[in-house]
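Engineer: Input: one structure, supplied below.
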Amino acid sequence: MKKIILIIAASLTIMGASNVSWARVKPKITILATGGTIAGRAESATQAAYIPGVISIEEIIATVPGIKNLADLEGIQICNISSQNMTQSIWLKLCKTIDSLFTTDSADGVVITHGTDTMEETAYFLSLTVRHDKPIVLTGSMRPSSSLSADGPFNLFNAVALAASSDAKGRGAMIVMNDYILSADDVEKSHTINTDAFSSPNLGPLGYMRDGLPHFFRVSGVRHTTKSEFDIGNLLTLPKVEIVYGYAFSDATAMRAFAENGTKGIVIAGVGHGNYNREYAAEMERGYKSGVRYVRSARIHKGGVDSAAEEFDQRHPVSGLKSPQKARILLMLALTKSNDSNEIQRIFNQY
Ligand code: DGL
């Protein structure tokens, strides 16, 4: 009799377990804080002026009700700066910290809180250099944490919810702002003050967040993370690459000065379809012979630059859909592999 009771009890337990999900262990999400407006404070809830990078990640997390239901959270304060002051040493530290968290299985995903001014650049750099498929999600805010209707708390909630989602793996680094999910390779900040400040002008968002869940329209079409060929593990500094802007009767003084001061690559934010004037062309001819490599991008946000450009000179690769600031990052990494123009163009065609 006793044996029958034990078998029945065991069966009920198994049945009970089969129709309710096991108590899922929550994902482990690490939030790496770097500063920005999301960590900013103003003197009043309606004042536009504020000081970015003054509150800690613990204080930021405390402003988000329910966020701890999404994941087991750990906050690490990497720095607390305005992102116009971002440095390559912080980039390298972020890359190595994320690599270590993923390699040691200390996190199932990473969220980075970041100033919005250069967030798109950090996102792209990490998408090209972190060789893991676990989610990397960046977010920030356009209003300080002290603001009436601050946007940071919901952006952070959405970023953690995305990073905790099993559907977020393998998509490259992403930015979550104003409910949109945007891909690191084509996102840009496209408004100086509005909370709807980020867009992907050529390809549109990857998807959106709703009720704490991601809804994806598409995947990124370029190489990233586990498909990237760039290994910066032993790099202490990145090759110096700068950008020069194109405009009516621009002269080549700045371009020449860059070339004469250790710059290995120069991106031209050209007029129209990546065009530049005779002064630039003459300086590019001179600089190319001295080893500087040039990439043609455009100051225009849509359409990109392809090789069917006017006066195409194949010694100077074209950026495709990469904005000048994204082309600069890719050229930095390309120059760690080669300064051959055809090889650089291959890289721009693939990333
Ligand atoms: N100083 C700007 C930055 O840290 C503030 C912009 C923001 O974070 O929204 O990028």
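The values are calculated or read from the model by the stated rules, or taken from the named source; none is laboratory data. Predicted model, so just to flag it, every value in this text is computed and none were measured. With ideal geometry, Cβ positions are generated from the backbone for all residues, glycine too; neighbour counts draw on all protein chains shown. Heads up: the accessible areas ignore ligands, DNA and RNA and are worked out on the full protein's heavy atoms, side chains in. Shrake-Rupley method; radii C 1.70, N 1.55, O 1.52, S 1.80 Å.
Engineer: How many residues does the stretch 323-351 hold that are open to solvent by 70 Å² or more (accessible area, probe 1.4 Å), closer than 20 Å to Lys240 by Cβ and in contact with a strand residue (DSSP E or B) (Cβ under 7 Å, 6 or more places away or on another chain)?
Structural biologist: Here is the first cut: in the stretch 323-351, the ones open to solvent by 70 Å² or more (accessible area, probe 1.4 Å) are 337, 339-340, 342, 349.
When the remaining residues are screened for being closer than 20 Å to Lys240 by Cβ, the result is 337, 339-340.
From what's left, in contact with a strand residue (DSSP E or B) (Cβ under 7 Å, 6 or more places away or on another chain): 339.
Total meeting the criteria: 1.
Engineer: While we're here: Tell me, please, whether a residue that is at pLDDT 95 or above and hydroxyl-bearing (Ser, Thr, Tyr) can be found in the stretch 171-182.
Structural biologist: yes
Engineer: Hey, another quick one. Step by step: first the residues of the stretch 187-219, then only those that are among the polar types (S, T, N, Q) and open to solvent by 30 Å² or more (accessible area, probe 1.4 Å), then the one that is nearest to Ala298 (Cα to Cα). Which residue is that?
Structural biologist: Per the criteria, the residue is Asn202.
Engineer: Also: Of the residues that make up the stretch 89-98, is at least one within 16 Å of the ligand (Cβ to nearest atom), closer than 23 Å to Ser147 by Cβ and touching a strand residue (DSSP E or B) at 6+ places or on another chain (Cβ under 7 Å)?
Structural biologist: No.
Engineer: Take residues that are touching a Phe, Trp or Tyr at 6+ places or on another chain (Cβ under 7 Å) and tell me which of the strands (runs of 3 or more DSSP E) falling wholly in the stretch 161-221 contain 2 or more.
Structural biologist: 174-177, 180-183, 207-210
Engineer: Of all residues in the stretch 230-244, which are touching a strand residue (DSSP E or B) at 6+ places or on another chain (Cβ under 8 Å), of a type outside the set (D, E, K, R) and touching a residue at least 60 places away in the same chain (Cβ under 8 Å)?
Structural biologist: Matches in the stretch 230-244: Pro239, Val241, Ile243.
Engineer: Evaluate the following for Pro153: is it out of contact with any helix residue (DSSP H, G or I) (no Cβ under 7 Å at 6 or more places or on another chain), within 16 Å of the ligand (Cβ to nearest atom), within 19 Å of Val111 (Cα to Cα) and of a type outside the set (D, E, K, R)? So that I can check it myself, show each step before the final result.
Structural biologist: Numbers: out of contact with any helix residue (DSSP H, G or I) (no Cβ under 7 Å at 6 or more places or on another chain): yes; within 16 Å of the ligand (Cβ to nearest atom): yes; within 19 Å of Val111 (Cα to Cα): yes; of a type outside the set (D, E, K, R): yes.
Judged against the criteria, Pro153 is a match.
Engineer: Does Gly152 meet the test of being crowded, with 23+ Cβ neighbours inside 10 Å and touching a His at 6+ places or on another chain (Cβ under 7 Å)?
Structural biologist: In short, no.
Engineer: Just one of the numbered conditions (1) in a helix (DSSP H, G or I); (2) within 12 Å of the ligand (Cβ to nearest atom) is not true of Asn80; which one?
Structural biologist: (1)
Engineer: Of the residues that sit in the stretch 90-105 and are free of Cβ contacts under 8 Å to residues at least 40 places away in the same chain and more than 16 Å from the chain's Cα centre (by Cα), which one is surrounded by the most Cβ atoms within 10 Å (Cβ to Cβ)?
Structural biologist: Phe102
For (1) of a type outside the set (Ser, Thr, Tyr); (2) without any contact (Cβ under 8 Å) to a residue 12 or more places away in the chain; (3) touching a Lys or Arg at 6+ places or on another chain (Cβ under 6 Å), each residue gets a yes or a no:
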| position | (1), (2), (3) |
| --- | --- |
| Arg256 | yes, no, no |
| Val267 | yes, no, yes |
| Tyr280 | no, no, no |
| His301 | yes, no, no |
| Pro317 | yes, no, no |
| Lys322 | yes, no, no |
| Phe348 | yes, no, no |
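Engineer: So, restricting to strands (runs of 3 or more DSSP E) that lie completely within the stretch 223-322, which ones have at least 1 residues that are open to solvent by 80 Å² or more (accessible area, probe 1.4 Å)? Outline the logic, then answer.
Structural biologist: Values: elements: 241-245, 265-270, 293-298.
Correct list: 241-245.
Engineer: While we're here: So for the stretch 158-174 (the condition being in contact with a strand residue (DSSP E or B) (Cβ under 9 Å, 6 or more places away or on another chain), on the phi > 0 side of the Ramachandran plot and not acidic (Asp, Glu)), does at least one residue qualify?
Structural biologist: yes
Engineer: May I pose another question? If we keep just the residues of the stretch 5-55 that are open to solvent by less than 100 Å² (accessible area, probe 1.4 Å), among the hydroxyl-bearing types (Ser, Thr, Tyr) and within 22 Å of Ser149 (Cβ to Cβ), which is modelled with the highest pLDDT?
Structural biologist: Applying the filter and picking the extreme gives Thr37.
Engineer: Restricting to the stretch 113-144, give me the number of residues that are within 11 Å of the ligand (Cβ to nearest atom) and open to solvent by 20 Å² or more (accessible area, probe 1.4 Å).
Structural biologist: Selection size over the stretch 113-144: 5.
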